[in-house]
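Bear in mind that the values in this text are calculations on the coordinates, not laboratory data. Here the structure is a predicted model, which means the values were calculated and not measured. Glycine gets a Cβ as well: all are built from the backbone with ideal geometry, and neighbour counts include every protein chain shown.
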Amino acid sequence: MVITKDICFTAETTLGKLAKWLRILGFDTVYQAGVSGDGLPDPAGKNRILLTRTKRVRDRSTDHKLVFINSNDPYEQVREVLQALGIGAADTRPFSRCTRCNILTRQVDKDAVRSRVPDYVWETNSTFQICSRCRRIYWPGSHIQRSYDIIKQFFETGNI
Ligand SMILES: [Zn+2]
């Protein structure tokens, strides 16, 4: 059993899409353009699992908290991470985190977002989440349904 809240990642530069998907799944994932391989920053001071595609980094590492990514396909990369760490669907918290800021979103009053979202969105949704850093509003829209479909496939066998 994986304790999801204890799992956090640092992804190197070439793994931006993977990092985004890990955030969508609810994992604290640091990703910074221009930073790669070793010497990655760790702003939260956490013991992050390094995601790397750099053989040099893998071979030199004495730290077992590293997942080496083989695939070029972002979806396949997500699977590699999930499988390497034994993470199951129940261990994830999809859409709990701002994909831009990497911080947890919080529920916000429907009335408070009246002027912040399109009318039809406000009328057809009852729950809204907000990122307290960038103020982006999240709601269960159609793009989320598509994302759910993709997430389901992360935990199924076969190709996406
Ligand atoms: Zn944000």
Legend entry - Anchor residue 55: aspartates and glutamates whose Cα lies under 15 Å away (excluding residues fewer than 8 positions away in-chain): 12, 38, 63
Legend entry - Hydrodynamic radius of the range 106-153 per Kirkwood, over alpha carbon pairs, in Å: 11.5 Å
Inset, instruction - Mind giving me the nanometre distance, one decimal, between the label points for residue 72 and residue 101, set 7 Å out from Cα along Cα→Cβ? - result: 3.6 nm
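What pairs in 17/110; 20/152; 17/152 have C-alpha atoms more than 23 Å from each other? List each step's numbers first, then the result.
Working: 17/110 31 Å; 20/152 16 Å; 17/152 17 Å.
Checking Cα-Cα distances, 17/110 exceed 23 Å.
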Inset, instruction - Calculate the spin-label point distance for residue 132 paired with residue 110, positioning each point 7 Å from the Cα along the beta-carbon direction, and give it in nanometres. - result: 2.4 nm
Inset, instruction - Show the residues, 5+ positions off or on another chain, whose built amide H is closer than 5 Å to the amide H of residue 132. - result: 106
Inset, instruction - Once every Cα of the range 74-160 carries one equal point scatterer and solvent is ignored, give the base-10 log of I(q)/I(0) from the Debye formula at q = 0.20 Å⁻¹, two decimals. - result: -0.98
Inset, instruction - Let me know the charge dipole size of the range 57-108 about its Cα centre in debye, to the nearest 20, where only the beta-carbon of Lys, Arg (+1) and Asp, Glu (-1) is charged. - result: 340 debye
Inset, instruction - May I ask you to compute the full-extension gain from residue 93 to residue 62, defined as 0.36 nm times their residue separation minus their alpha-carbon distance, rounded to one decimal in nm? - result: 8.1 nm
Inset, instruction - For residue 8, enumerate residues with amide H under 5 Å from its amide H, sequence gap 5+ or separate chain, H modeled in the peptide plane. - result: 49
Legend entry - Inter-part distance where the range 67-84 and the range 99-160 are each reduced to a Cα centre, Å: 24 Å
